[in-house]
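Inspection log for the structure reproduced underneath, given as C-alpha cells.
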Amino acid sequence: MNKFRKTIIEIVYFAMLKSNKMLIIRNIICILLLSGTSLLAGDKNIEAYIDQYQAIAISEMERSGVPASIKLAQGILESNAGRSTLARKANNHFGIKCGSRWRGKTHYRKDDDYKKGKLVKSCFRSYKNARRSYTAHSDFLLDNSRYDFLFRLKKTDYKKWAKGLKKAGYATSKTYEKKLIRIIEAYKLYEYDRMSSGDEVVENKNKPKLPTNIFYINDAKMTFAKVGETPAMIAKRTKTSVKRIIKYNEGIQAANEPLAVDAKIFIQEKRNNFRGKQKVHLVKKAESMYDIAQTYGLCLEKLYKKNKMSTGTQPAIGAAITIRGKARKKPKLRNGKISTPPKPVLIETKEEVAEEKETKTEKTEDFIPVLTPTKEQPATESTVPEITIPAENKPIPTTEKPTSIETRKYHTVIKGETLWRISKKYGITVEAIKALNGLKNNIISTGTRLRVE
C-alpha cells in the first residue's frame, strides 16, 4: 500500500469518527486534486520519457502533420510514460488494437472487450521498437477517415486536437481530452510544435528555468524569430543587445533587417564543438555552412577550421561535415554558388493570380545561399509577409534559356495539408518537392504555391 492510499484512508477514518459525510467528500477531493497536480508536475519518469521520444515526435509531426505535443501526451497517457505492460512487452505506446487488417505480431491482454457479457483478452499490435509504434500511430490517424477533420486544424492548436481525438472516439474515457491538455501544459509540450527535426535541443537540468520562447541548442540559448521581427525587436524581447545578436549570428548584418519566420537566432555565444553524440552532418541540397552552424549551435569560423575549409566555400551535396572533433581531410566542395529553385510563390489576391497567368516565360536563376535559415510560416498566421532578399543575396542572371511555365505544375496548399499528402497526390517524393521549391524542412503554410513537377 503506497503513501498516497494511506493518507486517504486516514482522512476517511478520522472524518468518519466525526460523522461528517461532507467533510469526508471534501477532504478526498482536495487530496486527489492537490496530489495529482504535484505528481504530474514532478514525475521524473515522464520527463525522461519526453527526453527520449521528443525527436521522434517532431520528426513524425513533419512527416504526417500530427502535432508533436499531442503525440507525446498520448504516448505518456497510453503507456504510463513507457512503463505499461503493453509498452514494455509489445512496444505499443498508443494502445492501438489489431483490427481486421493487421498482419504483424500481436499481444493479448484484458482491456475493454466483452464476449457474452464476460471480459476477454483484447488483441493489440506488437512492434519491433518504439519508433515503429510512433510511426504506426501517425499512419493510423492518417488512414482512418474519421480523423480526417483533425488534419484541417492548426498544428499548434493542441486543445482542438485533443478535443477532436475524443470526439472521433480514440479513447473511451470521458475526460480524455482534459488529460491530454493537462499533460501538454504541465510539461510545455506545445513548444515542440514549433520545432523541426534539425533542432538538436539540449536540455540542461542544472540550469535555471528559461523564459518562454527561449531554448537551448547545443547548450547555447536561442529563440525562434516571429512574424515580422528584426534583430532589434528580438534583442528587446530577450533582454539582450543587438550587438550580441549580430556577433553570435554571422548571417545577420543589420539591426533592422527582416528575418525569416522561425529562423534560429542565438542570444548566447555558440559553441566550438557539438556536445551531442552526433559527429558528422551530411550536407543537403542548397544547404550552406551557415545553415549547418545554426542547426547545431556552432561558431561558423570554428566550423570552417575543423573541416579544413576556406571561409566562404561551400560543401558538396552529400559531403560529411565534422561537427564534433576535427576532420581528417577537407570535404568535397561545391563548384560555384549554391543553386536553389525559386522560393514558393504565395498567391494572396486575384490580381496576383491574373498577373501570374499573363506571364509566358520565367528565367531560371542562381541564388547565393540565403544567410538566414528559413522555415515556412506556421498555419497559425493568416498572412505571410513578402520575403525580402538582402542585397548580397540577389540573384545572379545566367545564360540559360527561358523555361516555359506551361511545362510546370503547381499546387496551392490548403488548410491541413502536409508535404507527405501532397507527394502522394502527385506521385512525387517529399524530398523532390523540397528540392523543387528550395524548402529546408517539411513545414508549409496555407496558401503557399508549390511546384510539383
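The values are calculated or read from the model by the stated rules, or taken from the named source; none is laboratory data. Only a predicted model underlies this, so the values are computations on that prediction, with no experimental measurement involved. We place every Cβ from the backbone using ideal geometry, glycine too, and count neighbours over all the protein chains shown.
Note on the stretch 205-301: enclosed helices (runs of 4 or more DSSP H) holding 3 or more residues that are within 27 Å of residue 444 (Cα to Cα) are 231-238, 289-296. Out of 232, 286, 293, one residue alone is touching a helix residue (DSSP H, G or I) at 6+ places or on another chain (Cβ under 9 Å), under 21 Å from residue 194 (Cα atoms) and of a type in the set (Gly, Ala, Ser). It is 293. For the stretch 297-311, indicate whether the set of residues that are in contact (Cβ under 8 Å) with a residue 60 or more places away in the chain, surrounded by 14 or more Cβ atoms within 10 Å (Cβ to Cβ) and not hydrophobic (A, V, I, L, M, F, W, C) is non-empty. For the stretch 297-311, residues in contact (Cβ under 8 Å) with a residue 60 or more places away in the chain, surrounded by 14 or more Cβ atoms within 10 Å (Cβ to Cβ) and not hydrophobic (A, V, I, L, M, F, W, C): present.
Taking the stretch 260-285 as the range and being closer than 30 Å to residue 432 by Cα and touching a Leu at 6+ places or on another chain (Cβ under 9 Å) as the test, the residues that pass are 265, 274. Taken over the stretch 408-429, the criterion of being surrounded by fewer than 16 Cβ atoms within 10 Å (Cβ to Cβ), closer than 17 Å to residue 66 by Cα and modelled with pLDDT of 80 or more is satisfied by 414 alone. The requirement of being within 28 Å of the chain's Cα centre (by Cα), modelled with pLDDT of 90 or more and not in a strand (DSSP E or B) is fulfilled nowhere in the stretch 95-114; no residue meets it. For the stretch 317-326, residues that are within 13 Å of residue 283 (Cβ to Cβ) and not polar (S, T, N, Q) total 6. The residues in the stretch 141-173 that are farther than 22 Å from residue 414 by Cα, surrounded by 18 or more Cβ atoms within 10 Å (Cβ to Cβ) and of a type in the set (Ser, Thr, Tyr) can be counted, and the count is 1.
A quick yes/no check of all residues on (1) closer than 16 Å to residue 154 by Cα; (2) among the aromatic types (Phe, Trp, Tyr); (3) out of contact with any strand residue (DSSP E or B) (no Cβ under 7 Å at 6 or more places or on another chain); (4) not assigned by TED's automatic domain parsing to the domain that holds residue 295:
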| position | (1), (2), (3), (4) |
| --- | --- |
| 411 | no, no, no, yes |
| 414 | yes, no, yes, yes |
| 420 | no, yes, yes, yes |
| 424 | no, no, yes, yes |
| 430 | no, no, yes, yes |
| 435 | no, no, yes, yes |
| 440 | no, no, yes, yes |
| 445 | yes, no, yes, yes |
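For the stretch 30-76, enumerate the residues that are outside any helix (DSSP H, G or I) and at pLDDT below 85. Explain how you work it out, then say what you get.
If we filter the stretch 30-76 for residues that are outside any helix (DSSP H, G or I), which is where we start, we get 42-43, 65-67.
Correct list: 42, 43.
Here are some residues: 106, 156, 135. Which one is under 18 Å from residue 52 (Cα atoms) and among the β-branched types (Val, Ile, Thr)?
135
For (1) surrounded by 13 or more Cβ atoms within 10 Å (Cβ to Cβ); (2) modelled with pLDDT of 90 or more; (3) in the same structural domain as residue 178 (by TED's automatic domain parsing), each residue gets a yes or a no:
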{"residue": "15", "(1), (2), (3)": "yes, no, no"}
{"residue": "22", "(1), (2), (3)": "no, no, no"}
{"residue": "78", "(1), (2), (3)": "yes, yes, yes"}
{"residue": "86", "(1), (2), (3)": "yes, yes, yes"}
{"residue": "90", "(1), (2), (3)": "yes, yes, yes"}
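Does the stretch 44-81 hold any residues that are on the phi > 0 side of the Ramachandran plot and either in contact (Cβ under 8 Å) with a residue 40 or more places away in the chain or hydroxyl-bearing (Ser, Thr, Tyr) (or both), and which are they?
Passing the criteria: only 65.
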